[in-house]
Each structure stands twice: as C-alpha cells, then as structure tokens.
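Undergrad: Below is a structure I'd like to ask you about.
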Amino acid sequence: MNETRRAILDALADGPVAGPALASRFEMSRAAIWKHVEALREAGFEIESGPDGYALASIPAYNGPAIEYGLEAPFSVEFHETLASTNDRARELAAADAADTVVVAEEMTGGRGRLERAWSAPAGGCWFSVVCQPDVPPASAPLFTLAAAVATARAARETGVDARIKWPNDVVVPSDETATGYRKLAGILTEMEGETDRIAWLVVGIGVNANLDAAALPGGATSIRDEAGDVDRRVFLQRLLEEFDACRNDLERTLEEWRALALTLGQRVRVERAGDEVVGVALEVTDSGGLVVELEGSGERVTVTAGDCTHLRPV
Ligand code: BT5
C-alpha cells in the first residue's frame, strides 16, 4: 500500500478527523484527501464520515491492502480472486528475484499438494505462498516447512483450535487421546531452487481450511469453522505471517516450539518414502528437520528426511 494511504489510515484509526485537518496535516487539497478516502473505501476499508470528520470503523475486507495494513512483518501482499496455484505464481515471482512477497488467493483451481497430489481450495480458506531468499544451505530448507507448521499451529491455537503438528508438513487436530486419530487443518508445500551450498529461493505454500465446512473438503479434513467458528481471515493471516517471520529468523527456537507442538514424537509411525517404508517409534526431530525413527524389530535408528507419515496404534 502506498505510504500516504497508510498514513491517512493511521490517522483515521485514531479518528474522527475532519477533512480540512487531514488536508493541512498531509499538505494536500481536501479534494485529494477525499479521493484517497474513496480509494480506501473501494479497497474494502469501512470509513465513516460523521459531524466530526472521517473515522476508520472496521476492516472487513480480505485483500492485498487490507492484509498489508497493520501487518507487523516485512511482507508485501499480492492478492488474486482466483489462481490455479499460489505456489506457481510465487515461483514466477521468485524467479524474477522477488523476496518477501506473499501471494494470496481467495480460491485456487489447481491447488497442489506434495507429489503432484491435488489440494482442494475453495473460497473461504487461507491459501497463500511466501517467497523467501534465505541465506542458508539447501539442507536447511526443511526447517522452513517446520517454521510454517509452527506459525500455522500457533495462529490457529489463538483462534481456539487445538492445532498440533504431524511430521513433516501437516497441521492437524487430534480426534482421540492416542494421537492415531487426527483431522487435517492445514498443509504445507515447500519448493526451492538452489545450488549445493546456497538456496536461490524458497517458496513456502500454506493452505489453511479457515471459514469452510469440513464436509465440503476431502475426507479426514477439518476447518477452523468446524473446530472453533469463523475467523477474521485478514487478522488470522497477519498473525500467521508474523509468527512465520519470527520463526524463520530464529530456527533454533522454531525447533524447540516444533517439538512442543508435535503430535508425532513418541508415536509409533509408518513413514512411506519413495520405494520403501519404515515402521517404528518416532524419537526425535533433528536440527535439520529430519525424523529419527527407532525401527521395529531391529531397534536400529534411522533418520528420514521426507515421506508420508501415519501414526499407528501401539503394538
Ligand atoms: C499438502 O500436501 O498437505 C500440501 C498442501 C499445500 C497447499 C498450499 S495452499 C497454498 C499453496 N499453493 C498450492 O498450490 N499449494 C500450497 P500432501 O501432504 O501431499 O497432502 C495432500 C492430500 O491432502 C491430498 O491427497 C488430500 O487427501 C488431502 N487434502 C486435499 N485438500 C485438502 C484440504 N483442503 N484439507 C485437508 N486435506 C486436504
């Protein structure tokens, strides 16, 4: 959002302020102020005009300027009503050297999960991708997935949802005490380009089932609406992005928080990898985001870096 509009909004948030007072504060004509106010209204900001002047009443909108306004993290937002996949658009921006841009879509028609699986993304959810250019080796890339999971779980917990993390990329809500039952609230798809020693760019795609009926989503899904009622998506996304920014800047703390929120640690798990699978108890997450599993039978410890993880009942 342009700086003048942001400053006018700040003034209106403390409002009401009369048009002439605004005009002299910003050294512009009253007509120019009026134009800015109209443009802000069009962008979805609810600005009342009363006898004492203009005041910002509320921000019901979910769009680029609304998400950027009041966001305490250094991201700019590119908003689309509809996109095939926010990750695809973010990859284009990343290739053109954009960093710290968030691509948000109201709905996606070709949302992607891992391994070319489809991700269902109707209007009402939070579907977005963050373009980063972190100065870390490619082996650290999985930590950004963990950072996204921590940020998503924390933001969801603030809305009253018992969000937990299932290694490596799911935010889930437990549906029984054994942690073998869970419903998926959010998924994360991290893609990157880089050389052996440096990441060129990283796109972290996050999809959260926010104001949606879980019944309309694939089996095994849940939503913030089903768990705790609808949220203001603008505020939810802002909180999530702020947490993600904090996590990516402190990967050590991210690991600590990940461990505290993880449902997987201590569980009997099956991890399916390309071509094989491992079954055993998940003991620990490594400093680069791998999962240490003590194999059933041999007791041997292996570290898996990617795969599909299922929580199993104890033997
Ligand atoms: C994921 O893959 O969980 C990663 C999902 C990433 C989605 C975000 S949205 C913004 C960005 N832009 C994109 O195009 N994608 C990212 P995976 O672990 O492979 O799980 C995929 C599986 O989850 C599917 O095969 C379905 O079974 C299930 N699924 C699909 N849509 C779902 C939804 N909305 N909620 C819960 N589960 C879903």
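The values are calculated or read from the model by the stated rules, or taken from the named source; none is laboratory data. These numbers come from a predicted model, not from an experiment. Counting neighbours? That spans all protein chains shown, and the Cβs are built from the backbone with ideal geometry, glycine included. Ligands, DNA and RNA are stripped out before the accessible areas are found, and what is left, the full protein with its side chains, is counted by its heavy atoms. Shrake-Rupley method; radii C 1.70, N 1.55, O 1.52, S 1.80 Å.
Undergrad: Looking at region 215-267, which of the residues that are open to solvent by 70 Å² or more (accessible area, probe 1.4 Å) and in contact with a Leu (Cβ under 7 Å, 6 or more places away or on another chain) is nearest to the ligand (Cβ to nearest atom)?
TA: Taking the candidates together, the pick is R225.
Residue by residue, here is whether (1) in the same structural domain as W127 (by TED's automatic domain parsing); (2) buried (at least 18 other Cβ atoms within 10 Å of the Cβ) holds:
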residue	(1), (2)
R41	no, no
G44	no, no
L71	yes, yes
V77	yes, yes
E81	yes, no
T86	yes, yes
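Undergrad: Go through region 44-91 and report how many residues are of a type in the set (D, E), more than 21 Å from G187 (Cα to Cα) and more than 17 Å from the chain's Cα centre (by Cα).
TA: 3
Undergrad: Let me ask something additional. Just need a number here: residues in region 132-160 that are β-branched (V, I, T) and crowded, with 23+ Cβ neighbours inside 10 Å.
TA: Number satisfying all stated conditions: 2.
Undergrad: Out of everything in region 97-109 that is in a strand (DSSP E or B) and among the hydrophobic types (A, V, I, L, M, F, W, C), what residue ends up being surrounded by the most Cβ atoms within 10 Å (Cβ to Cβ)?
TA: V103
Undergrad: Continuing with this model, one more query. Can you name the residue in region 254-283 that is over 16 Å from A149 (Cβ atoms), outside any loop (DSSP other than H, G, I, E, B) and not aliphatic (A, V, I, L, M) and, of all such residues, is modelled with the lowest pLDDT?
TA: So, considering only residues that are over 16 Å from A149 (Cβ atoms), outside any loop (DSSP other than H, G, I, E, B) and not aliphatic (A, V, I, L, M), the one modelled with the lowest pLDDT is R273.
Undergrad: Determine which single condition V131 fails, assuming it passes every other condition in (1) within 8 Å of the ligand (Cβ to nearest atom); (2) touching a Leu at 6+ places or on another chain (Cβ under 9 Å).
TA: It is condition (1) that V131 fails.
Undergrad: For region 188-213, how many residues are in a strand (DSSP E or B) and away from the ligand (no atom under 11 Å from the Cβ)?
TA: Residues in region 188-213 being in a strand (DSSP E or B) and away from the ligand (no atom under 11 Å from the Cβ): 7 in total.
Undergrad: Next up: Here is a list of conditions, (1) in contact with a strand residue (DSSP E or B) (Cβ under 6 Å, 6 or more places away or on another chain); (2) within 30 Å of A96 (Cβ to Cβ), and E195 meets all of them except one; can you say which number that is?
TA: So the condition that E195 fails would be (1).
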